[in-house]
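The values are calculated or read from the model by the stated rules, or taken from the named source; none is laboratory data. Keep in mind that what you see is a predicted model, and the values were worked out from it rather than measured. Cβ coordinates were reconstructed from backbone atoms using ideal geometry, including for glycine residues, and neighbour counts include every protein chain displayed.
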Amino acid sequence: MTLTFGKFKGQELGSTPQWYQNWLSKQDWFKMPVELNELQKAQKEISILSDNLKGWNGYSKNGAAIYDRIFEAEKAMDNAIFNSPDQSSPFWNGEI
């Protein structure tokens, strides 16, 4: 893994001093994996698919498949926004 931050930026993690590796392993922010919520997942998918669709002429099967996946991601995004499980939310869908 190449470090993109800190004193040893640009170096491989294994080539850094042991004290630095020990210190890094004790940091909560370094250990915690990034977990996206449903809305963020849908937004990320739409962004990636939109980039893949650039230059589409409206005729290719691959472009049509990507367009369909964007539509499904938009539906997932709407569900994440408007079907909140929080009963106090104005977007609560009424389900318990």
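Going by the structure shown, is SER84 modelled with pLDDT under 85 and touching a strand residue (DSSP E or B) at 6+ places or on another chain (Cβ under 9 Å)? Answer is yes for this residue. With the structure loaded, tell me whether LYS61 is more than 30 Å from MET77 (Cα to Cα), of a type in the set (Lys, Arg) and exposed (fewer than 14 other Cβ atoms within 10 Å of the Cβ) or whether it fails that test. The answer is no for LYS61. Quick check, is MET1 exposed (fewer than 10 other Cβ atoms within 10 Å of the Cβ), modelled with pLDDT under 80 and touching a helix residue (DSSP H, G or I) at 6+ places or on another chain (Cβ under 9 Å)? Taking the combined requirement at face value, the residue satisfies it.
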